[in-house]
Structure formats: structure tokens, C-alpha cells
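Trainee: Got a structure for you, written out below as C-alpha cells; questions coming shortly.
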Amino acid sequence: MRYIDFVNINFLFHSNFFPILEFILRVGFFFSANSLKLLTKNHKKEYGLKQLYIFGKKAYMNNILVTKEVTKHFGKHIALHNVSLEIPRNSIYGLLGPNGAGKTTLIRIINQITHPDKGSVFFDGEKLKAEHIAQIGYLPEERGLYKSMKVGEQALYLAQLKGLSKSEAKKRLKFWFERLEIGNWWDKKIQELSKGMAQKIQFIVTVLHEPKLLIFDEPFSGFDPINANIIKDEILKLKEKGTSIIFSTHRMESVEELCEYIALIHKSQKILDGKLSDIKKAYKNNVYKIGMQVLNGEALLGELSGKFKISASDYNTVEQQLDFTMQFPGKETGEILSYLASKGNINSFVETIPSANEIFIKTVQSKNNNE
Amino acid sequence: MNKLFLIIKREYIAKVRNKSFVVMTFLSPILMVGMGVLIAYLTKINDNEKSIVALLNESDYFSNEFLTTEGTSFIHFNEINLEAAKDSTLKMGYSGLLYIPKESNLEQVVARSFFYSEKSPNTSLISRLELVFRDRLREKRLQNLGVSTKDFSALKVNYAINTATFNGKQNVKGINEIKAVIGGAFGYLIMMFIIIYGGFVMRSVIEEKTSRIIEIIISSVKPFQLMLGKILGTSLAGITQFIIWILLGSLLMLIALFFLDIEFSALQNGAELAASINTAIPTVDQTMQVYAQELLDIPWFTLISFFIIYFLLGYLIYSSIYAAIGAAVDNETDTQQFIFPIILPLMLAIYVGFFSVFSNPHGPIAVGFSIFPLTSPIVMLMRLPSGIGEGGVPLWQLLTSILLLIITFIGIVWLASKIYRVGILMYGKKPTYKEIFNWLKY
């Protein structure tokens with residue numbers, strides 16, 4: 001009996017029932033909003049509904065993509081639990097998390113490959129719908145190409161599937177093939193090319209239709225450092241042109257270089273998100289790297305380690321150079337510094353900002369410990 | 001719609017350009033016709049080889065009963081003993097030696113007669129010899145009862161019953177079998193098509209999965225569109241191949257007939273044989289006329305229209321199951337476990353068709369299997385040559401079967417597309433039936 005119920009419910013999801021319902025609600029909303037506007041036109045105050053509307057619109061105007069409490073189950077397994085994200089326009093947004101955290105599921109929901117059980121996704125100010133597929137470019141982590149098909153033909157096919165006309169697709173492909181210096185591959189088959197070469201073609205196919213939003217899932221895997229750099233530069237150029245980019249990875253060094261915003265997903269929940277620089281500020285804990293010229297470094301080090309947390313210390317007896325990292329008890333540094341200055345000659349004093357990698361590990365570990 | 005067309009086009013071109021597909025398309029008819037010609041040729045050689053039997057007859061009861069026939073000739077030995085006869089038979093390389101001893105009465109003669117041969121003897125030769133003895137024995141016993149030899153030969157009869165339907169139309173024996181064979185051919189065609197091209201669909205899905213292109217594609221099109229496009233594209237390639245097979249096959253067959261002149265003589269022999277058997281009742285011409293009439297009376301238009309309906313529905317049902325299987329597994333070796341349950345109803349349909357429908361086209365088993373949706377495309381087509389309505393398939397059965405088939409089609413395609421949608425993104429281990437069932441809930 002349960003099975004029968006589930007069949008019926010799912011059928012509703014896949015039939016036209018919901019789009020029709022949505023349409024009716026939208027039409028209703030449109031008319032009621034307009035009539036409200038008419039009603040309130042004579043009043044100086046604009047309230048309630050309209051303000052909410054403006055607020056909402058503003059949030060959607062600044063963000064290319066908004067997810068609201070997106071939840072997805074696979075049988076008993078919860079892949080995503082109430083994940084809400086705001087991805088600003090024209091930025092590179094890092095979607096980070098350990099393997100199996102739910103990043104790929106979220107990306108698949110954005111690409112409408114799977115559908116959320118609960119929650120909603122807004123693209124470019126509108127509720128996500130089938131037409132948006134042409135506005136999104138997706139380079140999946142598990143990617144490949146037809147082995148026995150010619151490079152040019154399959155690039156053309158994939159571009160046409162994204163909605164480009166054949167002639168337009170051909171023109172753009174020629175351009176990109178020239179640009180990435182692979183012009184002579186048109187008639188080759190994928191099985192004749194190396195993995196890195198195939199990756200270049202996949203990259204071209206992803207960006208060819210000039211989407212508003214690009215999603216890269218582990219884009220650098222399989223590239224040698226030289227080609228990885230070429231692709232990184234291309235991604236940055238696309239961003240300059242106004243494309244918004246979601247960048248999913250667990251390789252932190254590239255996050256550091258590229259992303260302005262990040263979200264950390266762990267065990268199907270979002271545990272951290274925001275501007276990378278803000279997050280870093282929040283995560284720094286008064287740790288400084290100090291280098292000084294001192295006569296008896298070991299003695300000083302022994303004295304300090306009694307009071308403070310010292311790490312990575314090194315004393316060069318010949319040069320009488322002492323380098324160490326120390327956590328200060330508070331934001332105030334003056335007192336300790338002047339004490340240190342009385343002991344020797346300080347030649348470097350730098351605040352250590354945690355790397356994305358450290359933040360990642362720290363957050364995930366503290367989350368694990370809390371459970 | 002446009003995307004669907006793109007997918008169909010790609011699938012079609014990918015399939016048609018595939019080297020092994022091209023080779024199979026052109027090689028198969030050549031092989032088939034070549035095999036046919038070879039078999040015909042070998043049969044002819046085999047038939048042409050006459051067996052020569054040496055005959056040592058010491059008895060008075062047999063004189064000229066052993067006549068040289070098409071396949072056998074007899075060499076009569078006289079006035080030598082058995083051992084010498086055996087020796088010379090062996091030396092001359094004859095097929096064997098038939099020894100009939102001299103005894104006081106026929107019963108004794110028959111009981112002591114022997115057939116000697118180097119190898120174990122050819123069964124058709126043995127039965128021919130036995131027939132001679134049996135006839136002679138019967139003749140003798142009838143003589144003892146007072147029937148003369150002349151009367152005995154007058155007693156030889158050959159009879160086949162005349163059959164007709166109640167409205168007086170004359171029937172020919174075996175026409176039901178011929179009709180069933182025609183229906184069976186259609187049913188068999190459907191089964192072959194499903195197994196060959198369903199497998200193609202499955203392999204094509206597996207290829208997309210193993211080459212990891214699948215996720216790139218389904219970020220542009222709906223999985224259902226991809227599945228449908230794949231099935232349609234592969235089927236069009238299959239239909240192209242079938243048409244080439246039929247055209248090329250018939251062309252080659254004609255050439256073979258023309259140049260080798262094998263089948264013609266075989267056919268003529270067959271006709272003569274039939275003529276010699278059937279001398280008693282309506283003349284051959286009449287029989288052939290009735291056959292021709294019956295064949296013309298087969299509702300070809302209905303048969304072909306329903307063939308198309310059953311073919312399309314049946315093929316789409318099975319190929320979407322194949323697509324779902326392809327999506328569920330990672331490589332072809334894992335498919336066996338899942339393929340068996342779908343081959344089973346197909347095989348059942350063919351066997352039930354050939355055994356049950358042949359003997360009784362409208363019996364309960366034939367009716368049941370022609371309504372059950374997974375077997376109906378094959379079994380119903382075997383029943384249809386006898387027409388619809390009176391004397392044929394009742395209309396309600398036909399309509400029920402098609403209705404059930406359509407409902408099953410919708411249900412199976414819906415289920416298969418759900419399995420497909422989940423399966424194409426699952427890599428790693430081979431799923432169990434339970435896991436696949438759970439996918440339906442995703």
C-alpha cells in the first residue's frame with residue numbers, strides 16, 4: 001500500500017500538475033500584487049507585500065544563484081540537509097567539502113539532473129526551470145567523451161545539445177580550438193588523445209555556449225601543471241567577462257588562488273559560508289611569526305614557552321637568529337613586543353592568517369568532535 | 001524535440017558507421033545464403049551417392065522384389081557360398097550384403113536372412129529392405145488365407161482425408177501449419193530484433209557510462225530524452241540493417257538459384273515426389289490452387305498492420321528494459337543476471353507459439369499467452385494469420401491484448417526511465433535487485 005502511495009505522489013511530480021499549480025499561483029500572485037499596488041498607490045506608505053517583494057528581488061538581483069533549504073534523500077541516506085546558499089554574481093564561489101559531503105548532489109540539483117525533495121533553487125532571480133539549462137555550463141568530476149567519435153563532431157554535438165545552432169557552434173569551436181592550440185585535433189578520435197588533451201576539449205564544450213553560470217567540479221584533476229595554468233587563466237578571463245563561477249574542489253591551494261567566496265559542506269550540511277577574506281579574519285587567532293636577533297635565543301625561548309604557546313621555533317647559533325611562531329593571549333600586542341624588543345632586535349613580525357586548508361580541517365574536525 | 005532529433009541522429013550515425021556493424025550488415029546475408037547453398041549442395045552430393053547392395057539369394061521365395069531405386073541398386077550374386085560373397089562384397093566396396101538362405105518356408109527364410117555390412121548400416125536402406133520383406137510376408141500370409149497376388153496389389157491404397165470449413169470452403173491439410181509458420185516467422189522476427197537491437201541499446205548505454213560522458217550530456221538534456229533518443233536511433237539503424245539484409249539476401253538467393261541451379265532441381269524433385277504420393281485425390285494442380293487460394297486468403301493487410309503495432313510496442317517495452325539494465329551496471333559482463341529474466345518470456349513465447357499455437361491456435365494456452373503483455377507480440381502474431389472474428393482471433397482478445405500491451409508499455413517505460421535516471425550516475429559495484437527497487441524511490 002505504501003508503494004502505491006509513493007507511485008501516485010511521484011507521478012504528480014513528474015506530470016504537469018506542479019507546473020500548472022505554480023502557474024496558477026503565479027498568475028494569482030501577479031494580480032493580487034498589482035491590485036495591492038493600485039490600492040496603496042494613493043497612500044504615501046508602501047508596505048508589507050511590496051517591500052518584501054523588493055527585498056526579495058534585491059537578494060536575487062545580487063546573486064546569480066540562491067538555494068533555499070534544499071534537502072535531498074537517497075532512500076535512507078540524507079545527501080543534503082537544509083542547504084541554503086547565496087552565490088553572488090560575477091564571482092568565483094568555492095564549494096568545498098570532504099568526499100561524499102554532498103557537493104556533487106547539490107551541483108546536480110543546480111543542473112536539474114536530480115530534483116530536491118524539499119526547498120527551492122532560484123537562478124538569476126527566477127525559480128530554476130528547464131530553460132535555464134542553456135545558461136549553465138557544467139564540467140562534472142566524472143567526465144569523459146565518446147571514444148570512437150571524432151573530436152570536432154562530438155564537440156559540435158554537445159554544443160548543439162546546449163542549444164547553439166550548428167553554424168554558430170562551429171564558429172565558436174574554431175575560435176576556441178585556435179585559442180587553446182588544438183586546431184589540428186578536429187578529425188582525431190578521443191582514443192588517440194591523452195587524458196589532458198581530452199580535458200581541454202571538455203573545458204571548451206563547457207564554456208562554449210557562454211553561460212551566465214559555470215560550474216567546475218574538480219576542474220584541474222588530470223591536467224599537468226602547464227595546462228592547469230592555462231585553464232586557470234581562462235577561468236579568470238571568463239570571470240572578468242562577467243561570468244559567475246562555482247568551483248567545487250577539495251584541493252585547497254586552488255581555492256586560495258581563485259575563490260572570493262566559499263561554502264563548506266560537511267556531512268550533507270553547510271557548516272560555513274561567506275567571503276573568504278572575512279572567514280579568514282574570523283579564524284585568525286593572534287598567531288604571529290617573529291624573527292629576531294638575540295644573543296641567547298634558547299634561554300629566551302625557554303622563558304617564553306613557559307607563558308605562551310610557541311611553535312615552529314628555530315635558533316641559529318652562528319647567525320644568532322631566532323625564528324618562532326607564537327600565539328598572543330589577546331589582540332593587544334604592544335606590551336609583549338616591547339618586552340621582546342628589550343631582549344633583542346626584532347627583524348620580522350607577521351600575523352599568520354590561517355590558510356583555507358587549515359580552516360577546512362579545523363571546521364570539519366570541530367564539527368566531528370561536537371557530534 | 002530538436003534535442004531528441006539530435007540524439008537520434010547521433011545514435012544512428014554512430015551505429016551505422018561502426019565497423020563491426022557495417023561488416024555484419026554485408027557479411028551476414030552472404031554467410032546465410034552461402035550456408036544455404038552449401039547445405040543444398042552437400043545434400044545433393046549425399047543423395048547422389050547410391051548405395052550398392054550385393055544380394056545373395058538362395059531362396060525361391062524372392063526373385064525380383066529387390067528393384068533398383070533412386071538411392072539403391074542391387075548386384076545379384078549367384079552360385080557362390082556366403083563366405084565368398086562376403087569377401088567379394090568387401091573387395092568391391094559395396095554398402096553391404098543381403099543374404100537370403102534357402103529354407104522350406106518363407107517364415108524360416110525371413111527369420112534367417114541377414115544383412116552384412118562393414119560399418120553400421122544406413123537406416124533408410126535398412127527400412128527399405130525391411131519393407132520388401134514385410135510386403136512379401138504379408139502377401140504370403142494373405143495367399144494362405146486365399147487372397148491372390150493380383151488381389152493383393154489391388155488392395156494397395158493411398159488415402160488422405162478431404163477437409164473443408166462449415167461454409168463449404170475447401171481446406172487443404174497442413175494449411176493451419178503454413179499459416180502458423182507465417183505468423184511464427186513474424187513473431188520470430190520480433191524476437192530476433194528485440195534480442196539483437198535491445199542488446200545494442202544496452203551496450204550503447206554502458207558505453208556512455210564507462211566513457212563518463214553521461215553526466216555532460218544529461219546536464220543538457222533530460223535522461224528520458226536521452227534514453228528515448230538512444231532507443232529510437234538504434235532501432236532505425238537496426239531497421240536499416242534488416243532492410244539491407246532482406247534486399248541483399250534475396251538478391252544473393254536469386255543469383256545462387258540462377259547460377260547454381262541447385263534449388264530448382266531440388267524443388268522439382270520435391271514436386272514429383274508429392275505428385276506420386278498424392279495421385280489418389282484431387283490432382284496436384286487442384287491442390288496447389290487451393291494452397292494458393294488459402295495463402296491469398298490470409299489477411300495480409302491486417303497481419304502486417306498488427307505486426308507493426310505489436311512490433312513497435314513489444315520492441316519499445318523490451319528495449320527500455322535493456323536500457324535500464326545498461327544503466328544499472330558498469331560493464332557488459334554484469335548484465336547476464338539481469339538479461340535472463342527478459343529473455344525468458346521471449347523464449348517462452350516462441351516455444352509456446354511453436355508447440356501450442358501450431359496444434360491449436362485458439363486453445364486456452366494460446367489465448368492466455370497472446371493476451372499476456374510480455375509474450376503477446378509474438379504469440380498473437382502466430383494466431384493472426386487465421387484472421388480476426390469468425391474462425392480467427394476474437395476481436396475482444398485482440399483489443400484486450402493491445403490495451404494491456406499499451407498499459408504495460410507506459411508502466412515499463414516509466415519504471416525503466418526511473419532506473420535509468422538513477423543508474424547512469426551510479427558507478428562502482430553491481431547493484432542487487434533490491435537496490436534497483438530502491439532507486440525507484442529516489
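Trainee: Enter the mean number of other protein chain beta carbons within 10 Å of the beta carbon of each residue in A:108-118, as an integer.
Mentor: That average works out to 3.
Trainee: Please work out the FRET efficiency for the pair B:Met24 and B:Leu67, using the Cβ-Cβ distance as r and a Förster radius of 51 Å; give the result to the nearest 0.05.
Mentor: The formula returns an efficiency of 0.50 here.
Trainee: Now for a different question. Between rounded, prolate and oblate, where does the protein assembly as shown land on the alpha carbon gyration tensor, with a ≥ b ≥ c its root eigenvalues, rounded for a/c under 1.5, else prolate if a/b exceeds b/c?
Mentor: Verdict is prolate for the protein assembly as shown.
Trainee: Peptide A:348-359: average number of partner chain Cβ atoms within 10 Å per residue?
Mentor: Shielding by partners across A:348-359 averages 0.
Trainee: How well do other chains shield peptide B:310-317, expressed as the mean number of their Cβ atoms within 10 Å of each residue Cβ?
Mentor: So the per-residue partner count for this stretch is 0.
Trainee: To check you understand DSSP bridge types, tell me what percent of the beta bridges within segment B:49-144 (both residues inside) are antiparallel, rounded to 5.
Mentor: 20 percent
Trainee: Related question: Mind grabbing the interface size between A and B? I mean buried accessible area, both sides, 1.4 Å probe, in Å² to the nearest hundred.
Mentor: Rounded to the nearest hundred, the buried surface is 3000 Å².
Trainee: While we're looking at this one, here's another question. Using mean Cβ contacts within 10 Å as the protection proxy, how do A:146-157, B:197-208 order, highest first?
Mentor: B:197-208, A:146-157
Trainee: Rounded to whole Hz and in sequence order, give me ³J(HN,Hα) for segment A:216-231 from the Karplus expression 6.51 cos²θ - 1.76 cosθ + 1.60, θ = phi - 60°, writing x for Gly and Pro.
Mentor: 10, 9, 6, x, 8, 5, x, 9, 6, x, 5, 5, 4, 5, 4, 5
Trainee: Filter the trypsin sites (Lys or Arg not before Pro) in segment B:11-60 down to the DSSP loop ones having no more than 14 other Cβ atoms within 10 Å, then list what survives.
Mentor: Here the sparse-neighbourhood loop sites are B:Lys50.
Trainee: Per residue, how large is the accessible surface of segment B:1-102? Use a 1.4 angstrom probe and give square angstrom.
Mentor: Value for segment B:1-102: 64 Å² per residue.
Trainee: Further question: Once you place label points 7 Å from the Cα toward the Cβ at B:Leu251 and A:Gln327, how far apart are they in nm?
Mentor: Rounded to a tenth, the inter-label distance reads 8.5 nm.
Trainee: Suppose every Lys and Arg Cβ carries +1 and every Asp and Glu Cβ carries -1, with no other charges. What dipole size does chain B come out with about its Cα centre, to the nearest 20 debye?
Mentor: 2100 debye
Trainee: Just to be sure I understand: of the beta bridges DSSP finds with both ends in the protein assembly as shown, what percent are antiparallel, rounded to 5?
Mentor: 60 percent
Trainee: For the pairs A:Lys72/B:Lys441; A:Lys147/A:Lys189; A:Lys281/A:Lys307; A:Lys212/B:Lys3; A:Lys76/A:Lys267; B:Lys3/B:Lys222, note any where the Cα-Cα span goes beyond 18 Å.
Mentor: The answer is A:Lys281/A:Lys307; A:Lys212/B:Lys3.
Trainee: How far, in nm, would the chain grow between B:Ile195 and B:Met426 when pulled straight, counting 0.36 nm per residue and subtracting the alpha carbon separation?
Mentor: Fully extending the segment from B:Ile195 to B:Met426 adds 80.6 nm.
Trainee: If you roll a 1.4 angstrom probe over the protein chains with everything in place, what fraction of the accessible area of chain B belongs to carbon and sulfur, to the nearest %?
Mentor: Roughly 67 percent of what the probe reaches on chain B is carbon or sulfur.
Trainee: As a test question: what accessible area, to the nearest 10 Å², does B:Trp414 have when a 1.4 Å probe is rolled over all protein chains in place?
Mentor: 60 Å²
Trainee: Using a Förster distance of 45 angstrom, determine the FRET efficiency expected from the C-beta separation of A:Ile361 and A:Trp186, and round it to 0.05.
Mentor: It comes out at approximately 0.50.
Trainee: Taking the Cα atoms only, what angle lies between the long axis of helix B:395-423 and the longest principal axis of chain B, rounded to 10 degrees?
Mentor: Helix B:395-423 and the main axis of chain B meet at about 50 degrees.
Trainee: Along the Cα-to-C-beta direction of B:Met347, a point sits 7 Å from the Cα; which residues of segment B:321-337 have their amide N less than 14 Å from that point?
Mentor: Hits in segment B:321-337 for B:Met347 at 14 Å: B:336-337.
Trainee: Counting only helical runs of four or more DSSP H residues, what would the 222 nm mean residue ellipticity of the protein assembly as shown come to if each run contributes -39,500 (n - 2.57) and the total is spread over all its residues?
Mentor: Helix-only estimate at 222 nm: -19000 deg cm²/dmol.
Trainee: Pull out a ≥ b ≥ c, the square roots of the eigenvalues of the alpha-carbon gyration tensor of segment B:312-395, then state rounded if a/c is under 1.5, prolate if not and a/b is larger than b/c, and oblate in the remaining case.
Mentor: prolate
Trainee: Restricting attention to segment A:250-319, which GluC sites (Glu not before Pro) occupy a DSSP loop and are surrounded by at most 12 other Cβ atoms within 10 Å?
Mentor: Qualifying residues, ordered by number: A:Glu319.
Trainee: Please compute the modelled spin-label separation between B:Leu137 and B:Leu404, points set 7 Å along Cα→Cβ, answer in nm with one decimal.
Mentor: 5.3 nm
Trainee: Positive end of the dipole of chain B, charges at C-beta (+1 Lys, Arg; -1 Asp, Glu), about the Cα centre: which of B:Tyr318, B:Leu346, B:Ser204 has its Cα farthest in that direction?
Mentor: With unit charges placed on the Cβ atoms, the residue in question is B:Ser204.
Trainee: Roughly what would the spin-label model give for B:Ile244 and B:Asn438, points 7 Å off Cα along C-beta, in nm?
Mentor: If labels sit at B:Ile244 and B:Asn438, their model points lie 4.5 nm apart.
Trainee: Mind ordering A:308-317, A:68-77, A:120-129 by average Cβ neighbours within 10 Å, highest first?
Mentor: Result, highest mean first: A:120-129, A:68-77, A:308-317.
Trainee: Here's something else I'd like to know. For segment A:103-282, what proportion of DSSP beta bridges, expressed in % and rounded to the nearest 5, is antiparallel?
Mentor: If we restrict to bridges inside segment A:103-282, about 50 percent are antiparallel.
Trainee: Further question: How far, in degrees from 0 to 90, does helix B:19-48 lean away from the longest principal axis of the Cα atoms of chain B, to the nearest 10?
Mentor: 10 degrees
Trainee: Let me ask something else. How would you classify segment B:49-144 from its alpha-carbon gyration tensor, with a ≥ b ≥ c the square roots of the eigenvalues: rounded for a/c under 1.5, else prolate if a/b is greater than b/c, otherwise oblate?
Mentor: Cα axes put segment B:49-144 in the oblate bin.
Trainee: Are there trypsin sites (Lys or Arg not before Pro) in segment A:198-240 that DSSP puts in a loop and that have at most 12 other Cβ atoms within 10 Å, and which ones?
Mentor: none
Trainee: Find which of B:Ile8, B:Leu440, A:Leu300 sits farthest along the positive direction of the dipole of the protein assembly as shown, computed with +1 on the beta-carbon of Lys and Arg, -1 on that of Asp and Glu, about the Cα centre.
Mentor: Looking along the dipole axis, the top candidate is A:Leu300.
Trainee: How far, in degrees from 0 to 90, does helix B:2-17 lean away from the longest principal axis of the Cα atoms of chain B, to the nearest 10?
Mentor: 40 degrees
Trainee: Next question, about the same structure. Compute accessible area for segment B:183-226 by itself and then with all protein chains, 1.4 Å probe, and report residues whose area falls by 50 Å² or more.
Mentor: Checking the loss per residue gives B:Ser211, B:Arg212, B:Ile213, B:Glu215, B:Ile216, B:Ser219, B:Ser220.
The values are calculated or read from the model by the stated rules, or taken from the named source; none is laboratory data. Keep in mind that this is a model prediction, so the values were computed, not measured. All Cβ positions, glycine included, derive from the backbone under ideal geometry; neighbour counts span all protein chains shown. Protein only, heavy atoms only, side chains kept; ligands, DNA and RNA dropped before computing areas. Shrake-Rupley method; radii C 1.70, N 1.55, O 1.52, S 1.80 Å.
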